[in-house]
Amino acid sequence: VGEQVSLQCSFKSSSPITESLTVDWTYRPLTGGQMESIFHYQSVPYPTTVGKFKDRISWVGNVAKGDASIAIQSPVMSDNGTFICSVKNPPDV
């Protein structure tokens, strides 16, 4: 709580990394409910502009090195839940 946390995500691809590569992070609270998109990356990072993670997510990954990690600033207990990282690098999924 209170200190920046890194959410690690690494990937391997059989295709060369291009600007078509996308990274999507989704979140579901511990209490259940809807999956919520909290971060998108395609050539540049697109942190969410709505919801509980607004202005708190930063890109710390490096797709050239197979890293799609993000960081969350000022985490609180209510942020607890399931975070899913999905990487697509067409034609490799």
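Provide Ser10, Ser69, Ser37 ordered by accessible surface of protein heavy atoms (probe 1.4 Å), highest first.
From most exposed to least exposed: Ser10, Ser37, Ser69.
Sequence neighbours fewer than 8 away in the same chain don't count; with that in mind, list the aspartates and glutamates whose C-alpha is under 20 Å from Lys88.
Glu19, Asp24, Glu36, Asp67
I want the local charge near Val5. Using Cβ-Cβ distances under 15 Å, sum +1 for each Lys or Arg and -1 for each Asp or Glu among the other residues.
0
Given the peptides 74-80, 17-23, arrange them by the average over their residues of other C-beta atoms within 10 Å, most packed first.
Top of the packing list down: 17-23, 74-80.
So, with +1 on the Cβ of K and R and -1 on the Cβ of D and E, and no other charges, what is the size of the charge dipole of the chain about its Cα centre, to the nearest 20 debye?
Using Cβ point charges on Lys, Arg, Asp and Glu, the chain gives about 60 debye.
So with the 1.4 Å probe, I'd like the accessible area per residue for region 4-88, rounded to whole Å².
Using a 1.4 Å probe on heavy atoms only, each residue of region 4-88 averages 58 Å².
Given the whole protein assembly as supplied and a 1.4 Å probe, what does the accessible area of Lys88 come to in Å², nearest 10?
90 Å²
With labels modelled as points extended 7 Å from the Cα through the Cβ direction, what inter-label distance (nm, one decimal) is found for Val76 paired with Ala64?
Going by the 7 Å Cα→Cβ label model, 3.9 nm.
Subtract the Cα-Cα distance of Gln34 and Val50 from 0.36 nm times their separation in residues, and report this length gain in nm to one decimal.
Stretched fully, the Gln34-Val50 segment lengthens by 4.3 nm.
Among the lysines, select those whose C-alpha is under 18 Å from the C-alpha of Lys54, and discard any that sit fewer than 8 residues away in the same chain.
The reachable lysines, counting only those whose Cα sits under 18 Å from Lys54, number zero.
The values are calculated or read from the model by the stated rules, or taken from the named source; none is laboratory data. Just so we're clear, the structure is a prediction, and the values are computed from it rather than from any experiment. Cβ sites come from the backbone with ideal geometry, for glycine too, and all protein chains shown count toward neighbours. Calculation scope for accessible area: heavy atoms of the full protein, side chains included, ligands and nucleic acids excluded. Shrake-Rupley method; radii C 1.70, N 1.55, O 1.52, S 1.80 Å.
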